[in-house]
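The values are calculated or read from the model by the stated rules, or taken from the named source; none is laboratory data. This one's a predicted model, so the numbers in the text were calculated from it and none came from an experiment. Cβ sites come from the backbone with ideal geometry, for glycine too, and all protein chains shown count toward neighbours. Side chains included, ligands, DNA and RNA excluded: accessible areas come from the protein's heavy atoms. Shrake-Rupley method; radii C 1.70, N 1.55, O 1.52, S 1.80 Å.
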Amino acid sequence: MTTLVPTAIYTSPTEPIEVKLIPGVGPHSTDGKTTQISEIVLKAGGEDRDKPSAAKDTPLGNLRAQLTTLQDKLNEFLTQKMLNKRKLEDDDIERRILDDGVDEDSD
Amino acid sequence: MPIILLKTEHLLLRQMALDHIVTIQIPFETEKQASIARNSIAADPVLKKNEISVEFIAEGNVLQCKFAGVSDRVIRVAISNCIDNIKTVIETIEEFDGQKDTLFKKDS
């Protein structure tokens, strides 16, 4: 059976060298980690009514499952980049306050 | 005063550079499937064109989606939404491509 593998490449000013993301070795499923409803809602007994149907054992079914894994990897990767940027900004404010004795919040 | 405005404008333009880029390659079984997927998702208009640009190209049996945005946050939202749509297109192709044409009648 033909295997259709989706891939993604990321670049940005902070990441000038290309970062390649691939689904990798499975198992892959259409039930993505980052695309489910909130954990809080699930714990409260909520039900995901938009849950995707399971992938068939066909090239397109496997592509849909692998694409879900790639989507999870992209979401996790970009979320981490967002957190890193925020930490750098927080650290910079802290450094400026400590170095210059300037309170950013003061008038 | 006009000089100050120009400087602010220039600063804004620099800040709004679409320099966070993700390119996704999705291979399909056939050229026709890649073309159906491209035509289906390319119909959605991009809302904030100053923050994100999206390009879809079908080359042979591969659909290429290029996202260029002002930040990781902006491209994350656009990519995840687009992949959700592409997964729906894939499922639809799998269910209906190659099937005999069916005329559905509206219930009276």
With DNA, RNA and ligands ignored, accessible area of A:Ser38 (1.4 Å probe; Å², nearest 10): 50 Å²
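From other protein chains only, count the Cβ atoms within 10 Å of every residue's Cβ in B:60-66, then give the mean.
Details: counts 0, 1, 2, 1, 0, 2, 1.
Per-residue shielding by partner chains comes out at 1.
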Share of the protein assembly as shown's accessible area from carbon and sulfur, percent, 1.4 Å? 54 percent
Restricting the stretch B:32-108 to chymotrypsin sites (Phe, Trp or Tyr not before Pro) in coil, as DSSP defines it, with at most 10 other Cβ within 10 Å: B:Phe104
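Averaged across B:27-34, how many Cβ atoms of other chains sit within 10 Å of each residue's Cβ atom? Walk me through the numbers on the way to the answer.
On the way: counts 8, 4, 6, 0, 0, 0, 3, 0.
Averaged over the peptide's residues, the number is 3.
What shape does the stretch A:8-100 have by the C-alpha gyration tensor, where a ≥ b ≥ c are the square roots of the eigenvalues, rounded means a/c under 1.5, and otherwise prolate means a/b greater than b/c and oblate the rest? Walk me through the numbers on the way to the answer.
On the way: a/c = 5.00, a/b = 1.65, b/c = 3.02.
Oblate shape, in that a/c is at least 1.5 and b/c is the bigger or equal ratio.
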Dipole magnitude of chain B, debye to nearest 20 (Cβ charges: Lys/Arg +1, Asp/Glu -1, about Cα centre): 480 debye
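Take the alpha carbon gyration tensor of the stretch B:16-93, find the square roots of its eigenvalues, order them as a ≥ b ≥ c, and report rounded if a/c is under 1.5; if not, report prolate when a/b exceeds b/c, else oblate. Mind showing how you got there, number by number?
Numbers: a/c = 2.29, a/b = 1.96, b/c = 1.17.
Verdict is prolate for the stretch B:16-93.
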Relative to the longest principal Cα axis of chain A, at what angle does helix A:59-100 sit, 0 to 90 degrees, rounded to 10? 10 degrees
Accessible area buried, both sides summed, chains A and B with 1.4 Å probe, Å²: 2500 Å²
Judged on accessible area alone, 1.4 Å probe, highest first, B:Leu47, A:Leu60 line up as B:Leu47, A:Leu60
Along the charge dipole of the stretch A:8-100, which of A:Ala55, A:Ile9, A:Leu83 sits closest to the positive end, that is, farthest toward it, with unit charges on the beta carbon of Lys, Arg, Asp and Glu (+1, +1, -1, -1)? A:Ala55
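Let me know the mean shielding of B:83-94 by other chains, meaning the per-residue number of their Cβ atoms within 10 Å of its Cβ.
Working: counts 11, 7, 0, 5, 11, 2, 1, 7, 8, 0, 3, 8.
What the average comes to for B:83-94 is 5.
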